[in-house]
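To start, the structure under review is shown below, and the notes come after it.
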Protein chains: 2
Amino acid sequence: MNKIFEPSDSILLNEIMRHRRDVRGNRFSDKKIPNDVIEQLLDAALLAPSVGYSQPWQFVVIEEESIKQKVYDSFCEQTEHAVNLFSDQKKQQYKKLKLEGIKEAPVNIAVFYQPSQSPVLGQTSMTEMGRFSVVCAIQNMWLMARALNVGIGWVSIVDPQKVKAAVNAPQDSELVGYLCVGYVNEFLDEPELKKMAWNKQKDKQDVVFKNKF
Amino acid sequence: MNKIFEPSDSILLNEIMRHRRDVRGNRFSDKKIPNDVIEQLLDAALLAPSVGYSQPWQFVVIEEESIKQKVYDSFCEQTEHAVNLFSDQKKQQYKKLKLEGIKEAPVNIAVFYQPSQSPVLGQTSMTEMGRFSVVCAIQNMWLMARALNVGIGWVSIVDPQKVKAAVNAPQDSELVGYLCVGYVNEFLDEPELKKMAWNKQKDKQDVVFKNKF
């Protein structure tokens, strides 16, 4: 009765995960994304787990240039502030990076968390759980995009209030992620920040513990 | 050069997402999980995106009964408090639910966020991004588990400080998720909280917006 997956299925899933990349504006092509691809991404999002089956997510699919421009302006403002937080050496590297594809990607998706008015089962001890459900939905979209040969880039260097204003979000909605979605001319074989040695890959044995730290 | 996935691949991914469930103690079997299955779950976690390539995750694989018991004790304490937050009608439903499988699952995995000492690229405007990266890792594990016909249940009705103490977590580490992992005698065809009408499934058109709310 229950679906049994085959060993080849988990191998394929690992491949999708391994080939998923954070895609920035220098990799997006301007090829239009068919509506049914966007629908498949949203369907994947809606299959995510949610605490207490609260489904506390909201998705705004953005194609209007004027909205993208407002978000891009916020990115520029926030970047100016951010760069100065880093050491002189990192600052030089930071300035060379293309960190978003807001205007290059044909579609942006702003993803919000809508808090519940009443108590949520499973969210009574760890209040973050609702936001975490929304993140699970984003990761589902990201993987589905890669399986459809579509790139997603998550832009977090924005002022959430500015993004909310740009899409008329209700006051209680909270921005969780701002995604740039489009076909790409290349998926890098490894994360760009790894390739350029911004950070090293951590060893598995340094982050996995047995019973206790 | 770039991996191109086939239409059948995205269909399979959708199936894995669709058959993934939150598994509780009444569904876990006591069949031992081979080490290589746990390693495949951890490998999936390590393929998750992370803000600024910070890889801010820590995983504690727990099999010791005494540690599980401490976490279970915290679940019981927190549940006593939680039940009272709900309406009388919900309270009766709540009390009938089996909401965790801490002791029934052969393996538990506690997943932590380790904040960085220095600024993290991409986390300067939205400070939650590091925790969100850890959630992406959990969702990767959850999907990989389903593809390996293994169940995961995410327990959030615990006191994070008690869980930290039980596994000797460093002071700055934050609990993001506590997972129960095991083979199952059944994956429900739909979320249990949907089946019992705790909450209704939301309509797609109620959570998806075009350009603006």
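Please treat every number below as a calculation from the coordinates, not as lab data. Just so you know, these numbers come straight off a predicted model, no measurement behind them. Virtual Cβ from ideal backbone geometry, glycine too; neighbours counted across all protein chains shown.
Things to note:
- Note on the stretch A:21-199: Kirkwood radius taken over Cα pairs, Stokes-Einstein applied at 10 °C and 1.306 mPa s, translational D equal to 93 µm² s⁻¹.
- In the protein assembly as shown, taking the dipole from charged Cβ atoms about the Cα centre, the farthest positive-side position among A:209, B:114, B:142 is held by B:114.
- Overall shape: rounded for the protein assembly as shown, with the ratio a/c of the largest to smallest alpha carbon gyration tensor axis below 1.5.
- Between amide H atoms placed 1.01 Å from N, distances below 5 Å from residue A:5 occur with B:149, all of them 5 or more places distant or on a separate chain.
- Using a 7 Å projection from Cα along Cα-to-Cβ, the label point at residue B:31 is separated from the same position in the remaining copies by 4.1 nm, smallest value first.
- 3J(HN,Hα) from dihedral phi, the stretch A:199-213, Karplus parametrisation 6.51/-1.76/1.60, rounded to Hz, x for glycine, proline: 9, 7, 5, 6, 6, 3, 5, 7, 10, 10, 10, 10, 6, 9, 5
- Here the label points at residue B:32 and residue A:127, each 7 Å from Cα along the C-beta direction, are separated by 4.5 nm in the simple model.
- Charged-residue dipole, Cβ positions (Lys, Arg, Asp, Glu), the stretch A:1-147 about Cα centre, Debye nearest 20: 540 debye
- Protection-proxy order for peptides A:90-99, B:48-57, B:155-164, each taking the mean of Cβ atoms within 10 Å per residue, highest first: B:48-57, B:155-164, A:90-99
- In this simple spin-label model, placing a label point 7 Å from the Cα along the Cα-to-Cβ direction at both residue A:63 and residue A:76 gives a separation of 2.6 nm.
- Whole-Hz couplings from phi, Karplus 6.51/-1.76/1.60, listed for the stretch B:176-181; x for Gly and Pro: 9, x, 10, 10, 9, 10
- Distances between equivalent label points of residue B:73 across the copies, with each point positioned 7 Å along Cα→Cβ, amount to 5.7 nm, shortest listed first.
- Exam field: residue A:186 pseudo-label spacings to other copies (7 Å along Cα-Cβ), nanometres: 5.2
- Taking A:141, A:196, A:126 and counting other C-beta atoms within 10 Å, the order from fewest to most: A:196, A:126, A:141
- About its Cα centre, the dipole of the protein assembly as shown is roughly 140 debye, where the only charges are +1 on Lys and Arg Cβ and -1 on Asp and Glu Cβ.
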